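The values are calculated or read from the model by the stated rules, or taken from the named source; none is laboratory data. Because the structure is predicted, anything quoted here is derived from the model rather than measured. Here the Cβ positions follow ideal geometry from the backbone for every residue, glycine too, while neighbour counts run over all protein chains shown. Side chains included, ligands, DNA and RNA excluded: accessible areas come from the protein's heavy atoms. Shrake-Rupley method; radii C 1.70, N 1.55, O 1.52, S 1.80 Å.
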Amino acid sequence: MSPARLFQPDGRALSRAGAFLLMAPFFLLIGFAFLYPLFSLLSISVTEPQVGLQNYERILDNPVYGKVLLRTLWIALMVAVLSLFLAFPVAMAMVSSGGAMAVFITACVLLPFWSSVLVRTAAWAVLLQRNGIINDALQAIGLIEAPMRLLYTQGAVVVAMTHVLMPFMVLPIYGALRNIPADYGRAAAICGAGPLRRFREVTLPLAMPGVLGGFILVFLTALGYFITPALLGSPQEMMIATLISQQLREFLDWPFAAALVGVLTLFVTAITLLFSRVFRFDRMLGGQL
Amino acid sequence: MTRRPDPGRLLLMAYVYLVLIFVLAPIVVILPMAFSVPDYLTFPPEGFTLDWFGAFFGNARWMKASVFSLKIAVLTALVTVVVGTMATYALMRGAGWLGSLFQGLLITPIVVPHIALAVALYLFFQRTGLSGTVAGYVMAHAIIAMPFVVFTVAAALSSVDATLEDAAMSCGASRFDAFRLVTLPLILPNVLSGALFAFILSFDEPVISFFLAGIRDKTLPRMMFDNIEQNLTPVIPAIAVLLTGVSIFVLVSAAILRRMAQSRKMPAQDG
């Protein structure tokens, strides 16, 4: 995969046995607390109550579950699109402004990134509540007469998830934009291209890998999101993660919950493999400060 | 770049300011509520009190959860840094196909949704008696934090001159001594900043905390989740103030560590 470019081996090579011994604790950890548990969970989905795909058939047969899957896809897509429209100009401003301004914007984007997801979710609950600021403001300017129900709606989930996930979109786009030499824009300008045309024919195509990487990262993270839909969403409009939690904790239906995890995991893995070339994990994780 | 007022630029900056207001507003709104008198959340805050900090620090359940989370976060940072640095060192000194396997496995926990990991561990830990234990949480959090630590340490190792280590070994140092006395001091700032990230990731981690919580031992994020779901008292803003303080402290420390790393690297690159 792509991070190989970051990891250029150097220095006197280790013996194969030495390398294995140094990596052994990692392999043990990931095997014991990740691969084996995930594998045994997925195997439950096809072996209990009896061997077969009946748990997966149940997802397809019952329209309620189909609706949950479609809603999850739809919400994740909206969150990704909204994040893109919010993040792209911010990334552009980060690249084009100098010094203190760039630091200020970066800090504004990153500070929430490192503040607790629960705190931010609670903040949205406060903003959106019946007697909250948003309802007060809408009433004050006369848009609505009585407080609206904003909390525990799909809109609340989309807005709060966009707020939480947007930084994941800013960073890869920023990484791509920063690598575009300023000469390209100047050359296009000399050739007579206006700002819009320069954006469309120079900046946008060169930023595409970052846009695609950020979009898919936000989309996939949103698909499996649990905390925000669980706290701000309506129980009648569940997403897949809240459905999994309900099947597990309320109905104790392990095999069915396992099948839902299976669907989610397979879908996410397939998309990741499909787009593996646009994922620069080092850029997404390493460049966070 | 010219400094003439460019309408496109002004429009862009106006839009960016609006986005930044969207990003900061929820946090700016919730923090002052920590000092508000009523026992529900209102804006603007009414009166001034420090009672909600008292309600947090004076409550045995909040304190127990905080200590439990702190313990898990410190151990997670320790385990992740030791295991991660060992593996990254092997990777950066040419591990062949093992290195490819390592990188593939490293990335899978980023790809697989946290809910899937949480549910898988919920089942497995119930069977093995690890549910709700410190060891269980540390293993789960170490897996989530590992990529962050590995990327940070790998970046440091790739910028440190490996011939220094070769020289030490040519002079008779064992590989372990060469690493301990030459390479480790050079990459230490990055190792420490990796540890800080692992600490924050673990301390803040809500999804696995939600599923693995035992009846007795709850982590701080799980206690916060229950509070937000049930009655949402101003204890949450009070915790938000404390957590924001911790985040700023960690970010500033990490930035200082990086600066230190850069200033140390300079002579090696010149010489």
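A simple charge model with +1 on the Cβ of Lys and Arg, -1 on the Cβ of Asp and Glu and nothing else charged puts the dipole of the protein assembly as shown at about 1060 debye relative to its Cα centre.
What's the magnitude of the charge dipole for the range B:1-155 around its Cα centre, counting Lys and Arg as +1 and Asp and Glu as -1 at the beta-carbon? Answer in Debye, nearest 20. Let's see the in-between values first.
On the way: 8 positive and 4 negative charges, 94 e Å.
So the magnitude is around 460 debye.
Buried accessible surface for the A/B pair, both sides summed and rounded to the nearest 100, is 8800 Å² with a 1.4 Å probe.
So how strong a dipole does chain B carry about its Cα centre when Lys and Arg Cβ are +1 and Asp and Glu Cβ are -1, to the nearest 20 debye?
Values: 17 positive and 14 negative charges, 64 e Å.
So the magnitude is around 300 debye.
Comparing each chain alone with all protein chains together (probe 1.4 Å, DNA, RNA and ligands left out), the residues of the range B:183-225 losing at least 40 Å² of accessible area are B:F197, B:D204, B:P206, B:F210, B:F211, B:F225. For chain B, leaving out every one of the trypsin sites (Lys or Arg not before Pro) that falls in a DSSP loop and has at most 12 other Cβ atoms within 10 Å, the longest unbroken run is B:4-215.
Suppose the Debye formula is applied to equal point scatterers at every Cα of chain A; what is log10 I(q)/I(0) at q = 0.12, 0.14, 0.15 Å⁻¹? These q points yield log10 I(q)/I(0) values of -0.99, -1.19, -1.27.
Test of understanding: what is the full-extension gain from B:L184 to B:L50, defined as 0.36 nm times their sequence separation minus their Cα-Cα distance? Walk me through the numbers on the way to the answer.
On the way: separation 134, 0.36 × 134 = 48.24 nm, distance 4.47 nm.
Taking B:L184 through B:L50 to full extension adds about 43.8 nm, to one decimal.
Average accessible surface for chain B: 43 Å² per residue, computed with a 1.4 Å probe over protein heavy atoms with every protein chain in place. Taken per residue, the accessible surface of chain A reaches 45 Å², heavy atoms only and a 1.4 Å probe.
For chain B, the longest principal axis of the C-alpha atoms and the axis of helix B:7-30 are separated by about 70°.
Which is the longest part of chain A that has none of the GluC sites (Glu not before Pro) sitting in a DSSP loop with at most 15 other Cβ atoms within 10 Å?
Working: sites that count: A:E145, A:E250.
Longest site-free region, per DSSP loop and neighbour criteria: A:1-144.
Selection among B:S100, A:F215, A:Y225 by position relative to the dipole of the protein assembly as shown gives B:S100 as farthest towards the positive end (Cβ unit charges, Cα centre).
Protein heavy-atom surface of the protein assembly as shown, 1.4 angstrom probe: 68% of the accessible area is carbon and sulfur, with nucleic acids and ligands not counted. Listed by chain and number, the aspartates and glutamates whose alpha-carbon sits under 16 Å from that of B:K218, ignoring those within fewer than 8 places in the same chain, are B:D204, B:E205, B:D226, B:E229.
Under the classification rounded if a/c is under 1.5, otherwise prolate if a/b is larger than b/c and oblate if not, where does the protein assembly as shown fall, given a ≥ b ≥ c as square roots of the Cα gyration tensor eigenvalues? Judged from the Cα gyration tensor, the protein assembly as shown comes out rounded (a/c under 1.5). Scaled against the 2.2 N^0.38 Å expected of a compact globular protein of N residues, the Cα radius of gyration of the range A:83-142 reads 1.50. Can you classify the range A:131-262 as rounded, prolate or oblate using the Cα gyration tensor, where a ≥ b ≥ c are the square roots of its eigenvalues, rounded means a/c under 1.5, and otherwise it's prolate if a/b beats b/c and oblate if not? Oblate, since a/c reaches 1.5 and b/c is not below a/b.
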